[in-house]
Amino acid sequence: MKNKMLFLGALAVIIIAILAGIYFFGAQPSAPNETTKIGAILALSGPSSVWGESMKNGMEIALKNHSELDIIYEDSKGNAADGISAYQKMKMQDIDVYVTSLSVVSVPLAKLARDDKKGVVITQSAANNITNEYAYRYYTDANHFAMPAFENPISPLKNANRLAVIYRKDEYAQSVDEKILELAAQQGKEIVFNESYAPNETDFSTILTKAQQKNPGALLFVPTPPSESLALLRKVQELDFNIPIIEVSNVQSDPDTQAQSPNITFYTNQFAFSAPGNSEEFKQEYRAMYGKEPNFMSAFGYDIVNLIASCEGNDLKVCLDNRTEVSGVTGRATNITNHDIVIPMDLVKVH
């Protein structure tokens, strides 16, 4: 009996030791996942897909150098409803930080990310007041879109006092239009025509004829997708506008879009990236991978991935909150306030 009790006691000790081993070793929480998961909500189809696909390509080039990152893509189709649906779908995938583009998509997503206390990096949006505690803009703002037309030495506006303005009816273009009106007032210029058009408009006959009847000294227009910019410029050529034309956007800095534009002289904005000779190493790698010229959105996709990667090992929000300067292939931001990483632009003459 005594031997039996000793045996049972030893067995109990062994069982307790095994259970303790399971608890302390087998049942311990797994090591934290060191991969940062990026949820990219981009316009991968629809009229704005030229920007979304280019941005995705740039992100993929940067990703090759960052094995600690993983990117999941969803298609916003360039509209708010599909962007919100994509965000809700991604919420189930344990995303660490979101990346999105276009004002129409970014405005609602910035609010959703704030409510969920998730960081979101926004680009290709000049909408006013788009940043918040969790939303960071890496692009430029309405002020830097409008200023080159009024302040650049090559701008034809120095000799034009009566201005016509045509802009897309969305958050981005309306913000730029407000800045145009402000700068025009500061310089004593009269806005003789100021009217918006519906997104994805294809026929600009009526609005341009109305603008022409006001006898302006220059025409400024603010489009978003290339289809709008090209259709408007072709109609300008057809109606024989004999005044300076300024795209107060940077759509025509895209090489493919510019190659399709009519043979007329006009002006557009561009980032330093788009100037010949700049960021050649990235441009060569892009050409080698995709067989075409990169545009500014491929550069922003590349820079945003590198920005997120630079926070490796640190709390992402704290890291981004404390950025005072950012440099990349798109250019350099040296005065970062309120989560706004603003890259300046310049005015260039086309044709």
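Observations on the model:
- Criterion (more than 21 Å from F271 (Cα to Cα), in the same structural domain as Y73 (by TED's automatic domain parsing) and in contact with a strand residue (DSSP E or B) (Cβ under 9 Å, 6 or more places away or on another chain)) met by exactly one of D116, D96: D96
- Among the residues here, S227 does not qualify as at positive phi and in contact (Cβ under 8 Å) with a residue 12 or more places away in the chain.
- Of all residues in the stretch 33-84 being among the polar types (S, T, N, Q) and under 22 Å from P294 (Cα atoms), the one that is surrounded by the most Cβ atoms within 10 Å (Cβ to Cβ): S76
- Counted residues, the stretch 243-295 - those being among the aliphatic types (A, V, I, L, M), over 23 Å from V305 (Cα atoms) and surrounded by 19 or more Cβ atoms within 10 Å (Cβ to Cβ): 3
- Top-ranked residue of the stretch 307-341 - restricted to ones that are touching a helix residue (DSSP H, G or I) at 6+ places or on another chain (Cβ under 6 Å) and assigned to a strand (DSSP E or B), ranked as surrounded by the most Cβ atoms within 10 Å (Cβ to Cβ): G331
- The residues listed here are A218, A149; of these, the one that is small (G, A, S) and within 30 Å of S298 (Cα to Cα) is A149.
- Given (1) touching a residue at least 60 places away in the same chain (Cβ under 8 Å); (2) part of a helix (DSSP H, G or I), number of the condition D115 does not satisfy: (1)
- Checked against (1) aliphatic (A, V, I, L, M); (2) assigned to a strand (DSSP E or B); (3) closer than 19 Å to E53 by Cα, A259 passes all but a single condition, namely (2).
The values are calculated or read from the model by the stated rules, or taken from the named source; none is laboratory data. Being a predicted model, the structure only gives us computed values, none of them experimental. Cβ sites come from the backbone with ideal geometry, for glycine too, and all protein chains shown count toward neighbours.
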